[in-house]
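> Structure in structure tokens, see below.
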Amino acid sequence: MMSNPIKIGVIGAGTISEMHLRSYHNHAEAALHAICDLQIGRAQAKAGKYNIPNVYSDYKELLADPEIDAVNICTWNNSHAEISIAALQAGKHVLVEKPLCRNVREALAVQQAVHASGKILQVGFVRRYASNTRIVKAFMDGGDIGPIYYAKASCIRKLGNPGGWFSDLERSGGGPLIDVGVHVIDLCWYLMGKPKVKSISGNTYKKLGNRSNVQNLKSYKAADYDAEHNSVEDMANALIRFDNGASLLVDVSFTLHAKEDELTVKLYGEQGGVELEPELTFITEKHNTILNSTPQIDSLTFDFAAGFQDEMNYFIEVCQGKKTTLSPVEDGVEMMKILCGIYESSELGQEIYFS
């Protein structure tokens, strides 16, 4: 451990916090200094596992600790904006799990707080930091694939509604679109060069609920799972048009009468194409022949644990002033505009346009 490690406070000790805690624990220049959860017993359990000296049930008490350099927010979506703003005002750098918040109004408030504080806020778009994405970005920057004019992505779960807060619109802000859809939409948008959105035509459906009646198949369930309560969509789809003429087609679901789960991310450019999921493949053309090229790397698929480790490693260097974050608050705001645009288009039953 270096003499002056970045001291981290983690707020929220639920399932996703394990990836964050483990990643900081593995980092030689990070120190897990405090953890907070409304359920103090859950925070104490994590503190015992990772030898964290300070435990809180009130995040405001954690933020009052002057030794903490940065906070990592792993709470329900409805508290992301509130805690992020408070942390920035307390002089802490922030890494907040995706999505940035629940709506554009909250996103703009967080952005204003970032600018006023002079601190860094990194949105937890973990896929941007993964090794596969870095390889594809290098090819993009080298002009081997783009310009990208079309992308499509699917994240289909046939039986994957976690229930609990995930199914509670007030706490989550939405269902599969804001939970898993944000990953694939952001990944495509980022690799497309973050073009400005021109219009969105979206649809959301609430037909199947939590499907608690289905037997013989296991699925992840939130700690507060309640099959009787579900106020979010089952699935969503959208066509997103950008001002440079490019387009993105996406569909996502928590539950669907599908044969199998599906995760695909594909981008098509003037010089070539690339599939990030289900397995990293480059499609090129040489000597009048189409080539499917497989990179020689450790893994051709996204490694969940390794991706979080890469993200936390990057955040530590951001806190140290060595790097600029790949997922700044401004991108979090734009992603909220896209997500909320899909919901708005569905509600209105028509395509919506951006100025």
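> Can you name every residue in region 164-198 that is in a loop (DSSP other than H, G, I, E, B) and surrounded by fewer than 24 Cβ atoms within 10 Å (Cβ to Cβ)?
Asp168, Met192, Gly193, Lys194, Pro195, Lys196
> I would also like to ask the following. Of everything in region 33-44 that's of a type in the set (A, V, I, L, M, F, W, C) and part of a helix (DSSP H, G or I), which residue is surrounded by the fewest Cβ atoms within 10 Å (Cβ to Cβ)?
Ile40
> Okay, next question. Hey, could you check region 45-74 for residues that are assigned to a loop (DSSP other than H, G, I, E, B) and touching an Asp or Glu at 6+ places or on another chain (Cβ under 8 Å) and say which is surrounded by the most Cβ atoms within 10 Å (Cβ to Cβ)? Spell out how you get there, then give the answer.
Taking region 45-74 as the starting set, the residues that turn out to be assigned to a loop (DSSP other than H, G, I, E, B) are 51-53, 57-58, 64-69, 74.
Remaining after also requiring touching an Asp or Glu at 6+ places or on another chain (Cβ under 8 Å): 57, 74.
Values: Ser57: 15, Cys74: 24.
Ranking the candidates gives Cys74 first.
> Oh, and also: Assuming Gly143 fulfils every condition listed in (1) within 30 Å of Glu279 (Cβ to Cβ); (2) outside any strand (DSSP E or B); (3) at pLDDT 95 or above apart from one, which condition is it?
Evaluating Gly143 over (1) within 30 Å of Glu279 (Cβ to Cβ); (2) outside any strand (DSSP E or B); (3) at pLDDT 95 or above leaves (3) as the failure.
> Test Gly164 against the criterion of being of a type outside the set (A, V, I, L, M), in contact (Cβ under 8 Å) with a residue 12 or more places away in the chain and not assigned by TED's automatic domain parsing to the domain that holds Thr15, and give yes or no.
Answer is yes for this residue.
> If I ask for residues that are out of contact with any helix residue (DSSP H, G or I) (no Cβ under 8 Å at 6 or more places or on another chain) and more than 23 Å from His183 (Cβ to Cβ), which ones from region 218-243 would you list?
Hits for region 218-243 are Ala227, Glu228, Asp243.
> Before we move on, is Asp234 in contact (Cβ under 8 Å) with a residue 60 or more places away in the chain, in contact with a Leu (Cβ under 6 Å, 6 or more places away or on another chain) and surrounded by 16 or more Cβ atoms within 10 Å (Cβ to Cβ)?
Yes; evaluated as a whole, the condition is true for this residue.
> While we're here: Could you give every pair whose Cβ atoms fall below 9 Å, whose first residue belongs to region 329-342 and is part of a helix (DSSP H, G or I), and whose second residue is crowded, with 24+ Cβ neighbours inside 10 Å and hydroxyl-bearing (Ser, Thr, Tyr), counting only separations of at least 6 or pairs across chains?
If the second residue must be crowded, with 24+ Cβ neighbours inside 10 Å and hydroxyl-bearing (Ser, Thr, Tyr), the pairs left are Val329/Ser84.
The values are calculated or read from the model by the stated rules, or taken from the named source; none is laboratory data. Bear in mind the structure is a predicted one, so any value in this text is a computation, not a measurement. Cβ: placed from backbone, ideal geometry, glycine included. Neighbour counts: every protein chain shown.
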